[in-house]
Amino acid sequence: MASAGGWFQSHIAPYWRSLVLVVLPLLLLPLPVVSATSAARCGYVILIMAAYWMTEALPLAVTALIPVFAFPLLGILSTGECCLVYMKETNMMFLGGLTVAIAVEHCNLHKRIALFVILNVGQSPRRLMAGFMLTTMFLSMWISNTASTAMMVPIVDAILVELYATRSKKLPEENATAIDLSANSGQNQLELSPAGENGVTDGHNAIDTNNHEVEKGDKLLTDEEIDAANAEVFRQRHIMRRTLLLGVAYSANVGGTGVVTGTSPNLVLMAVLQDSFSQPTGLNFATWMAFNVPGMILCVILAWVWLQVLFMGLFRKKSPIQQSTPERTNAVRKLIRQKYKELGPMTHHEATVLTLFIILVLLWLFRAPEFVPGWSAWFKDAFEGIEVDDATPAMLIVTLLFILPARLNFWCFRNPKDPGPPQPSPACMNWQVVHEKIPWGVVLLLGGGFAMAEGANKSGLSAWLGDQLVAFNVMPKEAIVFVVSLMTAMLTEVASNTATASILLPVLKEMALNINVNPLYLMLPAAVCCSYAFMLPVATPPNAIVFSAANMKSADMMKAGFLMNIICVVVITVMINTLGVALFDLQHMPPWANSTISALN
């Protein structure tokens, strides 16, 4: 058995990607051969793409390009039809929103926002955790969850050094004073070294690791007691660091659900609805925020409570991790204030980007808010039915970012005392930064998902799968949406969230139509649950970042993330059956869905 296992490791395991790439298409080949239908051929391509996406046998973006050659060669879609969906309006909106987010990062506005919030929320362990999570959640709504998480990790580390730089251990005697153990320079410092060398004195307290005892007034601590105190300090710092970093990862994942442009599955849902129904569905930038922002905040609050229960001993009366001293709190506040001051006053660059960002959000919110006529209606009336969608204001703001100057150092704005000849001011954004930071692979991944959905729709595969799922009609609709949400959350742990949304949402649309349920009732929770991946390091970039930074075990992340998955699925189930019903009238089949059913029949 040992020799067989060794042979497998040496001859098979190194080539598993090649085996998946070659063997899988051959194993699935009977599907299009036996059932010579367009739906079967489309299913063949989708199964291969799903397997490649889950195993990453090919890069995700390369797998997304498979429909460009597979669909035409198998008679599913023509090349022109297939290529058009790779750069549709939804993808342009994604690119525009992402470029504005990169501009926010480029001028360091996101760091200013983060430090301002953390400084004003509070510096106790619980308040720090709330500040980090709320800040990460807000930033992740607008910039990538990877960038928001990566920015927070060094801030967490710097603050924890201050928070746990000075710890105290009570002497056994009653009414004894405390000794301060510090890992940094300053008064009452204990230099922590493996050999226990180098004592530090301040004239009032003596710390001498060579004599193996510590004197505080008339009291003595042995080196064993010092070691125990040090171990407790580092244990608490490790636990707090793991707690804060998990909170950051959870907030980054959940924050992307708050706005349409927050993460790719949101855009996939909007694209599927736009391609499937000719009439407005009632889901737009404003209604998306009205529904998802309350659920997003509730999920972050519950995550904050859950992580305290799991790691910080919430509801336990004597948990040292929850406690803080005025000295430690003041040290943390001083550090954050210092870092905030280092940013200096808000620059013209930051102010311009912030203004354009706010204008873009307002343009998105009031383009077609439903409760009042939006500004896009003016152009539709003036130009005989011309539709203005969300990509238009996004690209307008992007263009302004490349036009408006980052500094006012020209003409009448130039400082007369400024020596040297006038220099042209750079724009608020330049193409090199955009080229380096745009995740072009995600753009292709979105396009591949759109192509997959288009092929499944045109071939009849989505309708066939929807027919097979009619059996779920025996269950209460509340149970159906819970099962769908839970299934999606578990699937996205092992597959790309964009791929998960691209595969499931067209099927759920057909399923909803077949069981006479508003499509939004199933599709909206499923799209949101594509972001609920908290268990595995490979599930999302924020998980991977904090897993590496915190040096934690997979079991730790799974233990915390499993219940977090369940919590968020329960929250979205409750939200869709309460707020969702009120916003979208989910108890009745809407006219836009009925017209589509008639067209299909």
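The values are calculated or read from the model by the stated rules, or taken from the named source; none is laboratory data. Since we're looking at a predicted model, the values are computed, not measured. Here Cβ is always computed from backbone atoms with ideal geometry, including for glycine, and neighbour counts include all displayed protein chains. In case anyone asks, the SASA skips ligands and DNA or RNA and just uses the protein heavy atoms, side chains included. Shrake-Rupley method; radii C 1.70, N 1.55, O 1.52, S 1.80 Å.
Got a sec? Which helices (runs of 4 or more DSSP H) wholly within the range 437-531 have at least 2 residues that are modelled with pLDDT under 90 and open to solvent by 10 Å² or more (accessible area, probe 1.4 Å)?
In the range 437-531, 440-459, 461-468, 477-491, 497-514 are the helices (runs of 4 or more DSSP H) which contain 2 or more residues that are modelled with pLDDT under 90 and open to solvent by 10 Å² or more (accessible area, probe 1.4 Å).
Among the residues of the range 316-341, count how many are within 28 Å of the chain's Cα centre (by Cα), at pLDDT 75 or above and either exposed (fewer than 12 other Cβ atoms within 10 Å of the Cβ) or under 14 Å from P125 (Cβ atoms) (or both).
Residues meeting the conditions: 2.
Inside the range 272-315, can you point out the residues that are closer than 22 Å to T578 by Cβ, surrounded by fewer than 17 Cβ atoms within 10 Å (Cβ to Cβ) and without any contact (Cβ under 8 Å) to a residue 40 or more places away in the chain?
V293, I301, V305
Matching residues to (1) modelled with pLDDT of 90 or more; (2) surrounded by fewer than 17 Cβ atoms within 10 Å (Cβ to Cβ); (3) within 25 Å of the chain's Cα centre (by Cα); (4) in a helix (DSSP H, G or I):
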{"position": "F69", "(1), (2), (3), (4)": "yes, yes, no, yes"}
{"position": "Y86", "(1), (2), (3), (4)": "no, no, yes, yes"}
{"position": "T90", "(1), (2), (3), (4)": "no, no, yes, yes"}
{"position": "M93", "(1), (2), (3), (4)": "no, no, yes, yes"}
{"position": "G96", "(1), (2), (3), (4)": "no, no, yes, yes"}
{"position": "N120", "(1), (2), (3), (4)": "no, yes, yes, yes"}
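Which residue pairs have Cβ atoms under 6 Å apart, sit 6 or more places apart or on different chains, and have a first residue in the range 64-86 that is in contact (Cβ under 8 Å) with a residue 60 or more places away in the chain and a second that is of a type in the set (A, V, I, L, M) and in a loop (DSSP other than H, G, I, E, B)?
F71/L77
Residues being under 23 Å from the mean Cα position of the chain (by Cα) and within 15 Å of T399 (Cα to Cα): count how many of those fall in the range 357-372.
2
Among the residues of the range 32-62, what is the count of those that are of a type outside the set (A, V, I, L, M, F, W, C) and assigned to a helix (DSSP H, G or I)?
7
So is G344 modelled with pLDDT under 90, of a type outside the set (D, E, K, R) and over 21 Å from I118 (Cα atoms) or not?
So G344 fails the test.
Among the numbered criteria (1) of a type outside the set (D, E, K, R); (2) more than 22 Å from the chain's Cα centre (by Cα); (3) open to solvent by 20 Å² or more (accessible area, probe 1.4 Å), which single criterion is violated by S548?
So the condition that S548 fails would be (2).
Could you please give the count of residues in the range 393-403 that are open to solvent by 80 Å² or more (accessible area, probe 1.4 Å) and either at positive phi or in a helix (DSSP H, G or I) (or both)?
Residues meeting the conditions: 1.
Scanning for something buried (at least 21 other Cβ atoms within 10 Å of the Cβ) and assigned to a helix (DSSP H, G or I), does the range 72-83 turn up at least one residue?
Checked against the condition, which is being buried (at least 21 other Cβ atoms within 10 Å of the Cβ) and assigned to a helix (DSSP H, G or I), the range 72-83 yields at least one hit.
Output yes when any residue across the range 505-513 is of a type in the set (K, R) and more than 19 Å from W306 (Cβ to Cβ), and no when none is.
Checked the range 505-513: at least one residue is of a type in the set (K, R) and more than 19 Å from W306 (Cβ to Cβ).
Identify the residue in the range 551-578 that is in contact with a Phe, Trp or Tyr (Cβ under 6 Å, 6 or more places away or on another chain) and more than 11 Å from M535 (Cα to Cα) and, among all such residues, is most open to solvent (accessible area, probe 1.4 Å).
Ranking the candidates gives T573 first.
Looking at (1) in a helix (DSSP H, G or I); (2) touching a helix residue (DSSP H, G or I) at 6+ places or on another chain (Cβ under 9 Å); (3) closer than 25 Å to E510 by Cα, which is the only condition M589 fails?
(1)
Please go through the range 136-151 and give me each residue that is surrounded by 22 or more Cβ atoms within 10 Å (Cβ to Cβ) and out of contact with any His (no Cβ under 9 Å at 6 or more places or on another chain), ordered by number.
T136, M137, S140, M141, S144, N145, T149, listed by residue number.
Check A539 against each of (1) open to solvent by less than 10 Å² (accessible area, probe 1.4 Å); (2) assigned to a loop (DSSP other than H, G, I, E, B) and name the one condition it does not meet.
For A539, the failing item is (1).
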